[in-house]
Amino acid sequence: MRKLVYYVAVSIDGYIAGPGGEFDFYPQGDEKQAAVYTEWAVAHYPETIPTFMRAAHGLVDAPNPRFDTVLMGLGSYRPGLEAGFTSPYAHLHQYVVSSTLAPDTDPAVTVVGKDPLGLVRDLKQEEGQDIWLCGGGLLAGALLPEIDELIIKSYPVVAGSGIPAFNGDFNPTLFTVADRTSFDNDVTITHFVRR
């Protein structure tokens, strides 16, 4: 069965974005440190690189080793949309959960107005690779019962406020650390699996 994997960047205090959706506050380190981290991310999760950036990373015709589907909330989809990218992950099946986004925003994007849990349960029953939950916090909170793995990119910064990684009901859910990688720019990637 396909897995739902939440792969996301998080501040020390658990925010995935600032109060206005900002995500440019994550420290990258110096040029060399940022390059090492980016090289690792591209090698391990190339399908998470937006389509418009894939050529710069030599990924134009690269296969998708882990994910063939991306699931986003409107807040995660909006930055690409505002930059003119209505199909930010054209190399994946794209779903946006939103009750306000027009369903015909892009023919390559399926807009889902309600029942994200039902959507994920249906997707898990289909043939294919894993499903990447790219954000946001409300969607992750709603989908927590179906999240099988977490890949958390922890950055050494306190945001103070913003959009939490999970914004939902109180529901303690245990995960186990499967792997952890640290980088010289003080970013840590921790892979968790559901207990």
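Out of (1) in a strand (DSSP E or B); (2) touching a residue at least 12 places away in the same chain (Cβ under 8 Å), the odd one out for Arg180 is which?
Result: Arg180 fails condition (2) only.
Looking only at the stretch 168-185, filter to residues that are surrounded by 10 or more Cβ atoms within 10 Å (Cβ to Cβ) and of a type in the set (A, V, I, L, M, F, W, C); which one of those is nearest to Glu39 (Cα to Cα)?
Of everything passing the filter in the stretch 168-185, Phe183 is nearest to Glu39 (Cα to Cα).
I'm trying to understand the selection: among the residues of the stretch 1-25, which are in a loop (DSSP other than H, G, I, E, B), buried (at least 17 other Cβ atoms within 10 Å of the Cβ) and either modelled with pLDDT of 95 or more or of a type in the set (D, E, K, R) (or both)?
Once the filter is applied, which keeps residues that are in a loop (DSSP other than H, G, I, E, B), buried (at least 17 other Cβ atoms within 10 Å of the Cβ) and either modelled with pLDDT of 95 or more or of a type in the set (D, E, K, R) (or both), the stretch 1-25 yields Arg2, Lys3, Ser11.
Pairs please, first residue from the stretch 4-19 and more than 16 Å from Ser161 (Cβ to Cβ), second anywhere and in a loop (DSSP other than H, G, I, E, B), Cβ atoms under 6 Å, 6+ apart in sequence or on different chains.
Between residues of the stretch 4-19 that are more than 16 Å from Ser161 (Cβ to Cβ) and residues that are in a loop (DSSP other than H, G, I, E, B), the close pairs are Ala9/Tyr26.
Can you run down the residue pairs with Cβ atoms below 7 Å, 6 or more apart or on separate chains, where the first is in the stretch 144-173 and within 15 Å of Val120 (Cβ to Cβ) and of a type in the set (Gly, Ala, Ser) and the partner is modelled with pLDDT of 95 or more and not in a strand (DSSP E or B)?
Correct list of pairs: Gly168/Gly141; Gly168/Ala142; Gly168/Leu144.
Can you tell me which residue is surrounded by the most Cβ atoms within 10 Å (Cβ to Cβ) among those in the stretch 77-108 that are aliphatic (A, V, I, L, M), more than 20 Å from Ala17 (Cα to Cα) and without any contact (Cβ under 8 Å) to a residue 24 or more places away in the chain?
For the stretch 77-108, the residue satisfying everything is Ala108.
The values are calculated or read from the model by the stated rules, or taken from the named source; none is laboratory data. If you're wondering where the values come from, they're calculated on a predicted model, not measured in any experiment. Don't worry about glycine lacking a Cβ; one is built from the backbone with ideal geometry, like all the others, and counts go over all protein chains shown.
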